[in-house]
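The values are calculated or read from the model by the stated rules, or taken from the named source; none is laboratory data. Quantities reported herein were computed from a predicted structural model and do not represent experimental measurements. Because the Cβ atoms are built from the backbone with ideal geometry, glycine has one as well, and the counts that use them run over all protein chains shown.
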Amino acid sequence: MRRPASLLVYLSILSLSLHAQTTPAPIPIKIVIVTTFEVGNDTGDKPGEFQFWVEREHLDRVLPFPGGTHPLRTNASGDILGIVTGMTIGPSAASIMALGLDPRFDLTHAYWLLAGIAGVDPNVASVGSAAWAKFVVTDIRQEMDPREAPSDWPYGIFAIGSTHAGAEPEPNRVWVTEPRAYPLNPALVDWAFNLTKNTPLQIPVIATPEVEAFRATYTGFPNAQKPPFILIGDVLASDSYWHGLILNRWAEDWVRIHTKGQGRFTMTAMEDSGVAEALTRLDQMHRADFRRFLVLRTASNYSTQAPGHSAAESLTAPYIGGIPALEAAYRVGSTVVHTLIAHWNQYRDHLPGD
């Protein structure tokens with residue numbers, strides 16, 4: 001028996017109404033804290049990048065995250081969402097895409113703060129320092145063993161599209177789809193830097209006697225010997241955990257080349273370009289706003305050996321600056337988080353610095 005068309009319409013409307021009643025509304029997130037690893041438990045033991053945020057921001061609500069590597073956490077109000085992406089570029093990109101597509105959350109107005117530890121260029125800053133990035137540079141590259149490189153090359157790495165080390169790519173040789181650098185919102189970065197630049201870092205938990213003695217070994221690097229400070233400095237993201245004077249020169253050249261002289265290599269990283277790529281695509285899907293992405297890296301070690309030491313010895317040494325860098329990441333980053341939430345009526349629709 002045929003049902004009247006009006007009955008079919010009624011049943012469709014009723015079905016949609018019942019579905020809407022049983023599907024909870026997405027949680028409107030204000031801040032996403034992006035960390036890359038945790039050691040052991042999220043609380044109460046040796047901390048990784050996530051633990052201080054969990055404990056001090058009371059991220060007590062644990063949410064399963066099948067598309068990620070670690071459960072998500074929020075505070076009671078749902079204002080702050082914390083994620084551990086997993087280390088290296090691929091896992092971090094996949095985790096952020098999974099989060100951005102998760103129907104449980106409304107991330108359209110969320111600010112994203114990547115707060116992680118890193119190696120720092122001793123020509124630029126010291127262990128315990130914190131750098132806000134204006135550029136995240138990736139290291140997609142051509143490479144040969146340096147023993148096979150031409151004798152006048154400083155290293156065996158060169159940009160795709162170039163013909164020798166240290167040279168800029170030639171436009172007609174570049175891969176069309178190759179990402180090189182992700183410029184972040186400079187006004188937002190300047191705002192975050194000015195808001196946090198006087199955050200105390202010369203405190204016992206960061207400036208320990210052991211760390212002070214470690215800094216002092218970098219003779220001939222005046223910035224490396226300074227007490228920890230806050231600066232604007234850019235990130236080079238690579239899945240290679242590189243180290244040493246020769247590769248540090250490559251990193252300095254690489255960031256300069258791929259930012260057209262606007263950026264300065266400051267911090268090593270792995271995950272940042274993966275996060276940036278995912279947020280770029282989520283922005284195109286209108287599920288996130290790339291303009292709200294901030295990158296804060298804090299120095300747990302140097303990217304080169306100290307004078308009188310070998311690169312191998314330095315690379316395999318324990319992280320003397322690990323806890324100071326974790327403390328700096330929270331102390332500097334939380335100032336931004338608290339300010340955004342305190343003035344949410346203003347910053348929900350209008351970005352700081354605009």
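Figures for the structure shown
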item: Within segment 24-77, strands (runs of 3 or more DSSP E) holding 2 or more residues that are crowded, with 18+ Cβ neighbours inside 10 Å and at pLDDT 95 or above; result: 31-35, 72-74
item: Count of segment 259-277 residues which are over 12 Å from the mean Cα position of the chain (by Cα), surrounded by fewer than 24 Cβ atoms within 10 Å (Cβ to Cβ) and not basic (K, R); result: 3
item: Residues within segment 270-307 that are in a loop (DSSP other than H, G, I, E, B) and either at pLDDT below 95 or closer than 22 Å to W112 by Cα (or both), tallied; result: 7
item: Test: residue in segment 337-350 that is modelled with pLDDT of 95 or more, out of contact with any Lys or Arg (no Cβ under 7 Å at 6 or more places or on another chain), closer than 15 Å to W53 by Cα and in a helix (DSSP H, G or I); result: yes
item: Breaking point among (1) part of a loop (DSSP other than H, G, I, E, B); (2) touching a Phe, Trp or Tyr at 6+ places or on another chain (Cβ under 9 Å), for V255; result: (1)
item: In segment 166-208, the residues that are closer than 18 Å to K260 by Cβ, among the hydrophobic types (A, V, I, L, M, F, W, C) and modelled with pLDDT of 85 or more; result: A181, L184, V189
item: Any hit, segment 156-169, residues being loosely packed, with under 13 Cβ neighbours inside 10 Å, touching a strand residue (DSSP E or B) at 6+ places or on another chain (Cβ under 7 Å) and farther than 21 Å from A237 by Cα; result: yes
item: Hits in segment 52-61 - residues which are free of Cβ contacts under 8 Å to residues at least 40 places away in the same chain and either over 25 Å from A276 (Cα atoms) or under 18 Å from the mean Cα position of the chain (by Cα) (or both); result: V54, E55, H58, D60, R61
item: Close pairs from segment 280-307: first over 21 Å from W344 (Cβ atoms), partner of a type in the set (D, E, K, R) and modelled with pLDDT under 95, Cβ under 8 Å, at least 6 apart; result: Q305/E313
item: Residues satisfying the stated conditions in segment 211-244, i.e. crowded, with 22+ Cβ neighbours inside 10 Å and either in a strand (DSSP E or B) or touching a His at 6+ places or on another chain (Cβ under 7 Å) (or both); result: I230, D234, V235, L236, A237
item: Single unsatisfied condition, T35 versus (1) touching a Lys or Arg at 6+ places or on another chain (Cβ under 9 Å); (2) within 27 Å of G321 (Cβ to Cβ); (3) touching a residue at least 12 places away in the same chain (Cβ under 8 Å); result: (1)
item: Residue, surrounded by the most Cβ atoms within 10 Å (Cβ to Cβ), within segment 295-310, restricted to residues that are out of contact with any helix residue (DSSP H, G or I) (no Cβ under 7 Å at 6 or more places or on another chain) and under 16 Å from Y241 (Cβ atoms); result: R297
item: Filter result for E313 (at pLDDT 95 or above and either at positive phi or outside any loop (DSSP other than H, G, I, E, B) (or both)); result: no
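Conditions tested, residue by residue: (1) of a type in the set (A, V, I, L, M, F, W, C); (2) out of contact with any Phe, Trp or Tyr (no Cβ under 7 Å at 6 or more places or on another chain).
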{"residue": "L59", "(1), (2)": "yes, no"}
{"residue": "G68", "(1), (2)": "no, yes"}
{"residue": "I80", "(1), (2)": "yes, yes"}
{"residue": "L101", "(1), (2)": "yes, yes"}
{"residue": "T108", "(1), (2)": "no, yes"}
{"residue": "P122", "(1), (2)": "no, no"}
